[in-house]
Amino acid sequence: MRGVVAAGVVAFALASILEPFRAYQLATVCAYFCATAGLTVLTGLSGQLSLGQGAFMAIGAYTVALSQNAYGDAGGWMLAASLTLSVVVTAAAGVVVGLAGARLHGPYLAGATMAIAVAVPAVPVIFRETFNGEQGLPVYAAPAPVDVPFERWQAWIAVSGALIIALGMANLLRSRYGRELRAVRDDEVAARLAGIRVARVRVQAFVVSAAGAGLGGGLLAFLAQTVSPGAFPLTLSLFLLMAIVVGGLGSLAGAAWGALLLVALPDLAHEITASLTLSPATAQRLAGNLPLAIFGLVLIVTMIVAPGGVQGALGRAARALRRRRRASAPPS
């Protein structure tokens, strides 16, 4: 818990001193962290493989867009209300999906959630009058209440949301419910014999995961000040899943590393594309596919070199360093 608070203090300090563009990138990392933290609970702790996290982010983003456009000028408190509403709406969607998928496992659950990830971005196209189709919706954002660059204000909001998610998830992991999640993941039969209601635990994991994704999607809508179906493709759900695996499955620190990679790797892909002499059509195709290829390569290398992800490798390095220090210390 102290580590979460310390990380929050560092993030607030960085948001206050970074230049506007870097502050915006930090805010984007915080938005993705909300989604990866939720997916960590669902996949890393309860063992449910989901490919629909991007769909929940889309639901949260459109919820914020609709509420802000309707009531955003009511006062500065409306943004907090819109983000809270995004959590509530996506949590309700998580109940529905969780109940539908409670009896599914492995590839069957992955296939069902992948269908959701494909279907949800199509809803704005079908209900064009409400969601403005593929063009999407603008998101009303009131000016910052203090005299700072707007990107810094966005970063403060995003860091606050990520800190709330991190504190909530940290408490959950240390609670009885967190132990029940791990028990269900490790052995469902033994969990039932121990008196754990497996179906309820699995549905609750979907609700928690969806709530985190909803807040992350709402923050992304606030940051971009626009939301469209193209911002939440199926590849986003794949990126989120790969992010928690590369970062370290089952830990909040791993979710943070994964969120950082989600922002850093597209920039790396853009720099690689810009450094090559290519035709415009080839450069466009490469820019669209290179981030996924790089992420896949990073995933393969991580699984070979560090199966526990970035956080697992750092933990092993820290333990080895402590053992070396104890071995070299003079006997007392």
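The values are calculated or read from the model by the stated rules, or taken from the named source; none is laboratory data. Computed from a predicted model, the values in this text were never measured in an experiment. Here the Cβ is made from the backbone with ideal geometry for all residues, glycine too, and neighbour counts use every protein chain on show. Accessible surface is based on the protein model in full, side chains and every heavy atom, while ligands, DNA and RNA are left aside. Shrake-Rupley method; radii C 1.70, N 1.55, O 1.52, S 1.80 Å.
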Notebook entry, point to check: Restricting the search to the range 228-258, which residues are farther than 24 Å from Leu173 by Cα and buried (at least 24 other Cβ atoms within 10 Å of the Cβ)?
Noted result: Phe232
Next item on the list: Hey, could you check the range 166-181 for residues that are open to solvent by 50 Å² or more (accessible area, probe 1.4 Å) and at pLDDT below 90 and say which is nearest to the chain's Cα centre (by Cα)?
Entry: Asn171
Checklist line | Contacts under 8 angstrom Cβ, first residue in the range 45-64 being in contact (Cβ under 8 Å) with a residue 24 or more places away in the chain, partner in a loop (DSSP other than H, G, I, E, B) and hydrophobic (A, V, I, L, M, F, W, C), 6 or more apart | finding: Gly54/Phe232; Ala55/Phe232; Met57/Phe232; Ala58/Phe232; Ala61/Phe232; Val64/Val139
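Condition (residue is of a type in the set (Ser, Thr, Tyr) and open to solvent by 60 Å² or more (accessible area, probe 1.4 Å)) applied to the range 208-221: is it met by at least one residue?
To start, the set of residues in the range 208-221 that are of a type in the set (Ser, Thr, Tyr) comprises 209.
The next check asks that each one be open to solvent by 60 Å² or more (accessible area, probe 1.4 Å); those that pass are none.
Within the range 208-221 (the criterion being of a type in the set (Ser, Thr, Tyr) and open to solvent by 60 Å² or more (accessible area, probe 1.4 Å)), the answer is no, since none of the residues qualifies.
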Next item on the list: Determine whether the range 182-204 contains at least one residue that is of a type outside the set (S, T, N, Q), modelled with pLDDT of 85 or more and under 20 Å from the mean Cα position of the chain (by Cα).
Entry: yes
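A quick yes/no check of all residues on (1) crowded, with 18+ Cβ neighbours inside 10 Å; (2) in a helix (DSSP H, G or I):
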residue	(1), (2)
Arg22	no, yes
Val29	yes, yes
Thr40	yes, yes
Gly44	yes, yes
Gly47	yes, no
Ser50	yes, no
Thr63	yes, yes
Ser67	yes, yes
Next item on the list: Considering (1) surrounded by 21 or more Cβ atoms within 10 Å (Cβ to Cβ); (2) over 25 Å from Leu260 (Cα atoms), say which one Arg185 fails and leave the rest.
Entry: (1)
Next item on the list: Return only the number of the condition from (1) out of contact with any Gly (no Cβ under 6 Å at 6 or more places or on another chain); (2) of a type in the set (Ser, Thr, Tyr); (3) more than 14 Å from Phe206 (Cβ to Cβ) that Ser50 does not satisfy.
Entry: (3)
Next item on the list: For residues that are out of contact with any helix residue (DSSP H, G or I) (no Cβ under 6 Å at 6 or more places or on another chain), farther than 18 Å from Arg128 by Cα and part of a helix (DSSP H, G or I), tally how many sit in the range 223-234.
Entry: 1
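Would you point out which residue out of Leu297, Leu261, Leu292, Leu265 is open to solvent by 60 Å² or more (accessible area, probe 1.4 Å), modelled with pLDDT of 75 or more and under 22 Å from Met242 (Cα atoms)?
Details: Leu261 fails: open to solvent by 60 Å² or more (accessible area, probe 1.4 Å); Leu292 fails: modelled with pLDDT of 75 or more; Leu265 fails: open to solvent by 60 Å² or more (accessible area, probe 1.4 Å).
Step by step, each of Leu297, Leu261, Leu292, Leu265 is checked, and only Leu297 is open to solvent by 60 Å² or more (accessible area, probe 1.4 Å), modelled with pLDDT of 75 or more and under 22 Å from Met242 (Cα atoms).
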Check: Hey, Leu241 hits all of (1) within 20 Å of Arg179 (Cβ to Cβ); (2) at pLDDT 85 or above but one; which does it fall short on?
Finding: (1)
Margin query: Here are the criteria: (1) open to solvent by less than 60 Å² (accessible area, probe 1.4 Å); (2) at pLDDT 90 or above. Tell me which single one Ala281 does not satisfy.
Written below: (2)
